[in-house]
Every structure is written in structure tokens, then in C-alpha cells.
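Participant: Please see the structure below; I have some questions.
Each reported figure results from applying straightforward, stated rules to the coordinates on display, with no laboratory input. These figures come from a predicted structure and were not determined experimentally. In this analysis, Cβ positions are derived from the backbone assuming ideal geometry, glycine residues included, and neighbour counts consider all displayed protein chains.
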Amino acid sequence: MSIASQVTEIIAEQALLDASDVTPDKSLEDLGIDSLGLVESIFAIEEAFDISVPFNANNPTESEFDISSVRAIITAVEQLVKDQS
């Protein structure tokens, strides 16, 4: 399973949606994911890929981790996984 599909599955699970409803252009807000869901998604991504996401839950907009869209999250996770290897 690709990184993109795994991230999509994690986000879909948090949003209680089918993975096919989670498209790259959607924001987490579009998907109905609140701040708690965002934090849970970040933890699930960290666990799934054994990475540490540079994310500040207290101030998500000032994080180094781009959460502006599903595509941005996938790109950031791919980079973190690449940097780790």
C-alpha cells in the first residue's frame, strides 16, 4: 500500500468516511475533522510510518507540518518517510 493510500485511509477513518470520499484537494475541515480528530490523525500517521511529525497541537497553523489539504499532508508524510531512510 502506498503512503498516499495509507494516509488517505487514516484520514478517512478519523472522518468516519469511505476512503473514496477523501480526495487530495479536500481540507480536513471539508471532511469534518475537528482539532481532536486532527491530533488523532497525526498520532495515527506517526504510528503507521514510525515517524515524528513536527506538529504543534496547541498552534496547528504555525506548525512546520502543512495540514492545508489532504495532498499537503501526503506530501509532508512522504518527505518525512524519505528523510528517515
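Participant: Pairs under 8 Å by beta carbon, first residue under 13 Å from Ala4 (Cβ atoms) and free of Cβ contacts under 8 Å to residues at least 12 places away in the same chain in the stretch 47-75, partner surrounded by 15 or more Cβ atoms within 10 Å (Cβ to Cβ) and not charged (D, E, K, R), six or more apart or different chains?
Facilitator: none
Participant: I would also like to ask the following. Please go through the stretch 20-57 and pick out each residue that is assigned to a helix (DSSP H, G or I) and within 14 Å of Ile73 (Cβ to Cβ).
Facilitator: Gly37, Leu38, Val39, Glu40, Ser41, Ile42, Phe43, Ala44, Ile45, Glu46, Ala48, Phe49
Participant: Can you spot a residue in the stretch 36-56 that is polar (S, T, N, Q) and surrounded by 14 or more Cβ atoms within 10 Å (Cβ to Cβ)?
Facilitator: So far as the stretch 36-56 goes, yes, one or more of its residues are polar (S, T, N, Q) and surrounded by 14 or more Cβ atoms within 10 Å (Cβ to Cβ).
Participant: Suppose we filter the stretch 1-18 for residues that are on the phi > 0 side of the Ramachandran plot and of a type in the set (Asp, Glu); how many remain?
Facilitator: Adding up the residues that qualify gives 0.
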